[in-house]
1. Tally time: how many residues in the range 89-115 are closer than 28 Å to ARG378 by Cα and touching a Ser or Thr at 6+ places or on another chain (Cβ under 6 Å)?
2. Out of the residues in the range 93-113 meeting the condition of being modelled with pLDDT under 95, acidic (Asp, Glu) and not in a strand (DSSP E or B), tell me which one is nearest to LYS318 (Cα to Cα).
3. Kindly provide the set of residues from the range 347-365 that are assigned to a loop (DSSP other than H, G, I, E, B) and either within 19 Å of GLY149 (Cβ to Cβ) or polar (S, T, N, Q) (or both), ordered by number.
4. Which one of the conditions (1) at positive phi; (2) modelled with pLDDT of 95 or more does MET258 fail to meet, given that it meets all the rest?
5. I'm checking my understanding of the structure. Among residues of the range 13-35 that are among the hydrophobic types (A, V, I, L, M, F, W, C) and more than 30 Å from MET85 (Cβ to Cβ), which one is surrounded by the fewest Cβ atoms within 10 Å (Cβ to Cβ)?
6. Does any residue of the range 53-70 turn out to be in contact with a strand residue (DSSP E or B) (Cβ under 7 Å, 6 or more places away or on another chain) and part of a loop (DSSP other than H, G, I, E, B)?
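The values are calculated or read from the model by the stated rules, or taken from the named source; none is laboratory data. Computed from a predicted structure; not experimentally measured. We place every Cβ from the backbone using ideal geometry, glycine too, and count neighbours over all the protein chains shown.
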Amino acid sequence: MGKDVNREVEFAMNLFREYYRRSPPPAPADLREREFGFMFFDRDFVRRHTGFLEENDLRRFLLNHVPSHAYFSSALYERPSAPTMDLKGWKGADLIFDLDADHIRGAEGLSYEDMLVLVKKEAVSLVDRFIFGEFGFDERHVRISFSGGRGYHIHVSDPRLRRLGSHERGEIIDFVTGTDLDLESVFPSTASMRKDFKDKVKVERAYRVPGRDQGGWRRFGRQVLEKVARDVEAMSDQGLRERYPVLQKAKEATLADMRRALHGRRGESTGLELMLRDDSLEYFTSDRVKELFMQMVLQSLKERMAGQIDEPVTRDVKRLIRLPGSLHGKTGLKVVNMTRDGMDDFDPLRDAVPEVFPDTPVKVLLKDPLDIHVKDFRVRGEGAMEVPAYAALFLVLRRWACLA
């Protein structure tokens, strides 16, 4: 076993070394103020507190030491190579958002390829809705990176943000994830008084649907309301109860009333069309049905981004994050920078495979049946087979195969 592991480590290190010789990553901005950290194929420790004065110093280190993972700090320091954090002299930090498949709802159980599609979709949503949408950050200050593994990093280097502490960064992530979200903050309501049986007074709330021109979570609330209404129309009673726990005890008649209120016709329009036209939820004929529907909408809103982002990364003002242009030691894929437009057609298993990796045949032994495309090659089957070297590296580092 040890011999096999050593062969695979040697194979990986040779390809990584050739990559860093022929295609070294560029130095990050403010190189002299960044701390670097590294992990290695042949050593069981993390090397931190490393700094470089020149780009060539970084390139020599990568070529001579061949790290399996390379990181640089989101923070800027006066003395980045100081041996303790207290001695470094913190000057500020970029704002980082980290989306990884571990945090993406629905990613569990997906194939690697499908998981990459899903996590990119969530990254696009974050960038469009918040980074360029709600926050309006200038594209000059935003860098989007595929992590080389199973996610995306968004770096915001706007000078106005660099001195923010963990608490302020926490408020940003709370807004993005809707941590304190409630119905009133998304669907503003007015209270009305109504006398009921035997002069008992009941307070009712009249919810408003956010207009199309509203921003923030209100604009998204309108979109989610439409999606939940489509679920009510398309899903069975059992499916709705499984999807929305608030409906666990709802009777069939209640769900039928909800469908009629939303999708029954009132003249030429459905109830939902009238709600969206008039920005009003007062087309429900039952308060109970309206409240249940609004709880379904709130659940969907909170699910949308909550837990999708690795929140400690954003709050951390001294985080190490993957170095763009470096290689990921568990895939052999490159950490790729891209623009927002570049995200649309980006395919990690095609575009993050380094061009300098050879396509010479390598014999591998697949541990389980597999069907996946790596660059231009389809790996399909199990057991012994020949694959291009770039695919062999990916399979070996993913631990899906060993060298035959």
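1. 0
2. Per the stated criteria, the residue is ASP102.
3. Hits for the range 347-365 are ASP347, ALA352, VAL353, PRO354, PHE357, THR360.
4. Of the numbered conditions (1) at positive phi; (2) modelled with pLDDT of 95 or more, the odd one out for MET258 is (1).
5. Going through the range 13-35, the residues among the hydrophobic types (A, V, I, L, M, F, W, C) turn out to be 13, 15-16, 27, 29, 31.
The next check asks that each one be more than 30 Å from MET85 (Cβ to Cβ); those that pass are 13, 15.
Numbers: MET13: 16, LEU15: 23.
Looking at residues that are among the hydrophobic types (A, V, I, L, M, F, W, C) and more than 30 Å from MET85 (Cβ to Cβ), I get MET13.
6. The answer is no, given that none of the residues of the range 53-70 is in contact with a strand residue (DSSP E or B) (Cβ under 7 Å, 6 or more places away or on another chain) and part of a loop (DSSP other than H, G, I, E, B).
Conditions tested, residue by residue: (1) surrounded by 17 or more Cβ atoms within 10 Å (Cβ to Cβ); (2) out of contact with any Lys or Arg (no Cβ under 6 Å at 6 or more places or on another chain); (3) outside the structural domain of ARG243 (by TED's automatic domain parsing).
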position	(1), (2), (3)
ARG315	yes, no, yes
LYS318	no, yes, yes
LEU333	yes, yes, yes
LEU366	yes, yes, yes
PRO369	no, yes, yes
HIS373	no, yes, yes
